[in-house]
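Here's the structure, in structure tokens; my notes come after.
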Amino acid sequence: MEILPPRLEAVAHADALAVSGSRKGGEEGGKLLGAAAALRRRLWRVEHKDADALEAIELFRAAERASPQGACAGGIERALLEGEFRADPAQTYRELYLLRARFSEPACELRVKHALAMLGAFRPLPSVLVELERTLEHPPGPDGGGALAEGGASAQAGGMVVVPTLSSATPSGPARVTSIERYPGKDSARVVVFVTRPTTFSVGSLPGQGGGRGPRLYVDIHDASYRGAKELAAGGVVERVRAGRQKEDLRVVLDLTAPVHHRIFYLPEPFRLVIDVARDAPPRAGAASAAGGARTVRRVVLDPGHGGRDPGAIGPAGLREKDVTLDIAHRAAPLVARELGISTLLTRDGDDTVPLDERTARANAFQADLFVSIHCNASENPASRGVMTFVLDASPDVLASHVAARENAASASAAAELATVMSRVLDADSIGQSVHLAELLQRAAMASLRAGYPDVSDQGVKRAGFYVLAGARMPAVLFETTFISNPVDEARLDSAAYRDKLADSIVNAIRAYRDGH
């Protein structure tokens, strides 16, 4: 194997291969894209920078699309690398199993067979494999509906859908919808359907008709009932939401004023379906402009954690997380507006109770380019200290899952399940942009805080399943400023000087991201 060149040289060479491959297309372009992906994969394995792995995954995916001849090889390499990166061999097995059905060439079948044999310990239950086969046999129909395997993620015409896997421990009997919450917006909206137990569902759509009737998106919740209002007003892109029986299922219909892109997934504890719609497809987050790599950042949402009935974590001297996070947001927001000229929205401007589902919906409706959720960390160990920044993605990190569980007010297993769900919805580029923003924020925090507090510990960028980040249509991070449960850090968090430095960290990270750093 050739010696790996210095990082800057290797990245430049990979970028040149990728550009050339994209221009050429076809078999030759696919080979060039595959070579670029392999180089970034080597960099990741040597230097362990997440951005390299994410870029390699995206390049392997591009190689799949570029050339039918190389689609099998690119798919295998992508599936293996993604499983290695996410530490999720079971998901790798499922992807390879589906890949085997797509390609009938003997050489491809043999490679996939060998890869599956190596992952034999992670082979799913027979019932899961049967559902995977059903996915292949019954693709979505022309109306965008169709069967979807339990636990599967499906890219449909106009959107993405993730359905849960129901285990033998799932309660039996009919499910009951307890409420349908609407968070409307002019160009995007969110509808959240609360269900008494986990259940599966199907998705479909109907085009607009004459007489002024717009398109409709519907979700059939299997074996479910509902006794609430059958018609609920919304506004903006979702005119209203209707609910009614459809054979043995409950059909929830969104009456739309325009065609939309949809993303439908579920959240555990409490179980609910999240239906996100928007007039346009999710943008490629933070796309660089032609002017020196600068990014377009016109709107930012700052999300002060907790509030109202939810105080968040409380320090040993009684300092409340909800008060600290709101004050930091109030210090950062005018700086972002005044120094950077960026419109800023706070998800709460006072001591208000704002559901986690609604916070992301507000950011989407604002058409934000960046989303920063501000929190204070806490631990049962009063000696725990340090600053960390999170992105939404699957991770084997137990500590990260426990932090997410506390912020979600749910279990660690629920946080891990959400992270796995969203890792199937988000593409590598979207995750990569959030990781980059998180890295900038973490570096900015260390630079700002250590000038006056040299003992501040850098806990780095981590991944976990945070409800508040689920469904964000822009790069989104959760900033754990420091441990309010530590007596020293609580005292610092109670001071204006420390809060100013944390606010400066947020502003500097947004500036660096916008300027293309």
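The values are calculated or read from the model by the stated rules, or taken from the named source; none is laboratory data. In this text, all values refer to a predicted model and were calculated from it rather than measured experimentally. We place every Cβ from the backbone using ideal geometry, glycine too, and count neighbours over all the protein chains shown. Please note that ligands, DNA and RNA were not included when accessible areas were found on the heavy atoms of the full protein model with its side chains. Shrake-Rupley method; radii C 1.70, N 1.55, O 1.52, S 1.80 Å.
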Tally time: how many residues in region 444-475 are surrounded by 18 or more Cβ atoms within 10 Å (Cβ to Cβ) and among the small types (G, A, S)?
-> 8
Got at least one residue in region 48-64 being at pLDDT 80 or above and β-branched (V, I, T)?
-> yes
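Does R245 fit the bill of being surrounded by fewer than 19 Cβ atoms within 10 Å (Cβ to Cβ), in contact with a strand residue (DSSP E or B) (Cβ under 9 Å, 6 or more places away or on another chain), assigned to a strand (DSSP E or B) and at pLDDT below 90? Explain how you work it out, then say what you get.
Values: surrounded by fewer than 19 Cβ atoms within 10 Å (Cβ to Cβ): yes; in contact with a strand residue (DSSP E or B) (Cβ under 9 Å, 6 or more places away or on another chain): yes; assigned to a strand (DSSP E or B): yes; at pLDDT below 90: yes.
Spelling it out, R245 is indeed surrounded by fewer than 19 Cβ atoms within 10 Å (Cβ to Cβ), in contact with a strand residue (DSSP E or B) (Cβ under 9 Å, 6 or more places away or on another chain), assigned to a strand (DSSP E or B) and at pLDDT below 90.
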Could you give every pair whose Cβ atoms fall below 7 Å, whose first residue belongs to region 223-245 and is within 22 Å of R197 (Cβ to Cβ), and whose second residue is aromatic (F, W, Y), counting only separations of at least 6 or pairs across chains?
-> A243/Y226
Does region 386-396 contain at least one residue that is open to solvent by 10 Å² or more (accessible area, probe 1.4 Å), polar (S, T, N, Q) and under 13 Å from the mean Cα position of the chain (by Cα)?
-> yes
Checking G432 against (1) of a type outside the set (S, T, N, Q); (2) assigned to a helix (DSSP H, G or I); (3) over 16 Å from the mean Cα position of the chain (by Cα), the condition it does not meet = (3)
Select from region 445-470 the residues that are of a type outside the set (D, E, K, R) and farther than 20 Å from V403 by Cβ and list them in ascending order.
-> A447, S448, A451, G452, Y453, P454
Any chance you could count how many residues in region 260-294 are at pLDDT 80 or above, touching a strand residue (DSSP E or B) at 6+ places or on another chain (Cβ under 9 Å) and in a loop (DSSP other than H, G, I, E, B)?
-> 5
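Scan region 2-16 for residues that are within 25 Å of L437 (Cβ to Cβ) and either open to solvent by less than 40 Å² (accessible area, probe 1.4 Å) or in contact (Cβ under 8 Å) with a residue 40 or more places away in the chain (or both) and jot them down. Talk me through it step by step, then tell me what you get.
Filtering region 2-16 for residues within 25 Å of L437 (Cβ to Cβ) gives 7-8, 10-12, 14-15.
Residues satisfying the conditions are R7, A10, V11, A14.
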Give the residue that is nearest to R463 (Cα to Cα), with candidates limited to residues of region 77-93 that are among the aliphatic types (A, V, I, L, M) and surrounded by 21 or more Cβ atoms within 10 Å (Cβ to Cβ).
-> L81
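What number of residues in region 54-66 are surrounded by fewer than 24 Cβ atoms within 10 Å (Cβ to Cβ) and of a type in the set (A, V, I, L, M, F, W, C)? First the steps, then the outcome.
Restricting attention to region 54-66, the residues satisfying the condition of being surrounded by fewer than 24 Cβ atoms within 10 Å (Cβ to Cβ) are 58, 61-62, 64-65.
So of that shortlist, the ones also of a type in the set (A, V, I, L, M, F, W, C) come out as 62.
Of the residues in region 54-66, 1 are surrounded by fewer than 24 Cβ atoms within 10 Å (Cβ to Cβ) and of a type in the set (A, V, I, L, M, F, W, C).
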Any residue at all in region 355-369 that is open to solvent by less than 50 Å² (accessible area, probe 1.4 Å) and aromatic (F, W, Y)?
-> no
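Only one residue in R176, R216 is farther than 18 Å from R263 by Cβ and surrounded by fewer than 21 Cβ atoms within 10 Å (Cβ to Cβ). Which one? Lay out the reasoning, then the answer.
Values: R216 fails: farther than 18 Å from R263 by Cβ.
After ruling out the rest, the residue left standing is R176.
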Select from region 331-345 the residues that are touching a strand residue (DSSP E or B) at 6+ places or on another chain (Cβ under 8 Å) and over 14 Å from R511 (Cα atoms) and list them in ascending order.
-> L345
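With the requirement that a residue be assigned to a loop (DSSP other than H, G, I, E, B) and open to solvent by less than 70 Å² (accessible area, probe 1.4 Å), what does region 179-193 give you?
P184, D187
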Hey, any hits in region 486-509 for a residue that's buried (at least 21 other Cβ atoms within 10 Å of the Cβ), under 17 Å from V301 (Cα atoms) and β-branched (V, I, T)?
-> yes
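On the given criteria, is S505 over 29 Å from E358 (Cα atoms), at pLDDT 95 or above and not aromatic (F, W, Y)? Spell out the reasoning first.
Values: over 29 Å from E358 (Cα atoms): no; at pLDDT 95 or above: yes; not aromatic (F, W, Y): yes.
Considered against the rule, which asks whether it is over 29 Å from E358 (Cα atoms), at pLDDT 95 or above and not aromatic (F, W, Y), S505 comes out as no.
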Scan of region 448-463 for residues that are out of contact with any Lys or Arg (no Cβ under 9 Å at 6 or more places or on another chain), of a type outside the set (D, E, K, R) and at negative phi, ordered by number = P454, V461
Residue in region 481-491 that is within 27 Å of I342 (Cβ to Cβ) and either in contact with a helix residue (DSSP H, G or I) (Cβ under 7 Å, 6 or more places away or on another chain) or of a type in the set (G, A, S) (or both) present | yes
Return a yes/no flag: does region 410-423 have any residue that is modelled with pLDDT under 90, surrounded by fewer than 17 Cβ atoms within 10 Å (Cβ to Cβ) and in contact with a helix residue (DSSP H, G or I) (Cβ under 9 Å, 6 or more places away or on another chain).
-> yes
Sort out which residues of region 17-48 are more than 19 Å from S67 (Cβ to Cβ), open to solvent by 40 Å² or more (accessible area, probe 1.4 Å) and touching a residue at least 12 places away in the same chain (Cβ under 8 Å), and write them in order of number.
-> R42, V46, E47
Region 427-461 - residue that is charged (D, E, K, R) and at pLDDT 90 or above and, of those, farthest from H262 (Cα to Cα) | D455
If you take the residues of region 194-212 that are touching a residue at least 40 places away in the same chain (Cβ under 8 Å) and part of a strand (DSSP E or B), which of them is farthest from the chain's Cα centre (by Cα)?
-> L206
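Considering only region 308-340, how many residues are among the basic types (K, R) and either in contact (Cβ under 8 Å) with a residue 60 or more places away in the chain or open to solvent by less than 20 Å² (accessible area, probe 1.4 Å) (or both)? Full working, then the answer.
Filtering region 308-340 down to residues among the basic types (K, R) leaves 309, 320, 322, 331, 338.
Still in the running and either in contact (Cβ under 8 Å) with a residue 60 or more places away in the chain or open to solvent by less than 20 Å² (accessible area, probe 1.4 Å) (or both): 322, 331.
So the count comes out to 2.
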